[in-house]
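Structure first, commentary second.
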Amino acid sequence: MPSSIAVGNNAFDNYLKVALLPRNERGAVFSKFSNEEKATFIKVNLALQLAKRVNLTFEQKEFILDTISKVSADIYDKSDAAKAQRSLQIGMETEGKAVKLFPYKELGDFIEPLMSNKDNEVALLQKYQKLLKNGDWTRKKNR
């Protein structure tokens with residue numbers, strides 16, 4: 001698993017910190033994250049979208065996995081105009097693909113993750129964290 005979404009860092013905690021807030025407060029907290037934390041938030045969001053949607057098409061799965069691999073701290077780096085322009089272009093291309101692949105009602109989960117409903121993601125992530133904290137023995141025992 002890539003280190004940016006590996007267990008043991010603040011990825012899940014940061015995701016929950018933002019997702020548990022009212023929608024109108026999420027942007028302010030997200031904006032205080034470092035560029036790496038912002039990228040990790042987006043990766044966690046995308047991974048959760050993949051995990052909660054069991055009936056995705058091959059193209060939808062590939063889109064999510066490809067997007068996860070492209071997200072990096074660099075896309076939030078606004079110190080270099082050329083880098084910022086390239087990030088904007090990649091973002092627009094990604095959004096265009098999402099619009100073609102997903103029903104309108106699901107697009108917010110991919111192109112506006114700070115504004116979409118996070119109840120399902122929070123519940124799934126909290127369940128996963130609980131399993132991790134209990135260790136392998138407890139997980140096997142509960143199967």
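The values are calculated or read from the model by the stated rules, or taken from the named source; none is laboratory data. Quantities reported herein were computed from a predicted structural model and do not represent experimental measurements. Quick reminder, even Gly has a Cβ in these numbers, built from the backbone with ideal geometry, and neighbours come from all protein chains shown.
Given (1) without any contact (Cβ under 8 Å) to a residue 12 or more places away in the chain; (2) under 9 Å from the mean Cα position of the chain (by Cα), where does Ile68 come up short, assuming only one miss?
The failed condition is (1).
Quick check: is even one residue across the range 120-131 closer than 24 Å to Lys17 by Cα and acidic (Asp, Glu)?
Yes; the residues of the range 120-131 include at least one that is closer than 24 Å to Lys17 by Cα and acidic (Asp, Glu).
Within the bounds of the range 52-74, is there any residue that is closer than 23 Å to Lys133 by Cα and either loosely packed, with under 14 Cβ neighbours inside 10 Å or not basic (Lys, Arg) (or both)?
yes
Does Gln85 satisfy the condition of being out of contact with any Cys (no Cβ under 9 Å at 6 or more places or on another chain) and surrounded by fewer than 16 Cβ atoms within 10 Å (Cβ to Cβ)?
In short, yes.
Could you grab me the full set of residues in the range 109-122 that are surrounded by 15 or more Cβ atoms within 10 Å (Cβ to Cβ), free of Cβ contacts under 8 Å to residues at least 40 places away in the same chain and part of a helix (DSSP H, G or I)?
Ile111
Pick from Glu62, Glu106, Glu95, Glu36: which is within 19 Å of Leu16 (Cα to Cα) and in a helix (DSSP H, G or I)?
Matching residue, one of Glu62, Glu106, Glu95, Glu36: Glu36.
Working only within the range 27-51, note down all residues that are among the charged types (D, E, K, R) and more than 14 Å from the chain's Cα centre (by Cα).
Of everything in the range 27-51, just one residue is among the charged types (D, E, K, R) and more than 14 Å from the chain's Cα centre (by Cα), namely Lys32.
Would you please name the residue that is farthest from Ser34 (Cα to Cα), looking only at residues in the range 65-92 that are assigned to a helix (DSSP H, G or I) and of a type in the set (D, E, K, R)?
Across the range 65-92, the extreme among qualifying residues is Asp66.
For the list (1) out of contact with any helix residue (DSSP H, G or I) (no Cβ under 6 Å at 6 or more places or on another chain); (2) modelled with pLDDT of 90 or more, I need the number of the one condition that Thr40 fails.
(1)
State which residue pairs qualify: first residue at pLDDT below 50 and inside the range 1-18, second residue part of a helix (DSSP H, G or I) and small (Gly, Ala, Ser) in any location, beta carbons under 8 Å apart, and separation of 6 or more residues or different chains.
Taking only residues 6 or more apart or on different chains, the pairs are Ser4/Ala11; Ser4/Ala39; Ile5/Ala11; Ile5/Ala47.
State the number of residues belonging to the range 39-59 that are under 16 Å from Lys97 (Cβ atoms) and part of a helix (DSSP H, G or I).
Selection size over the range 39-59: 6.
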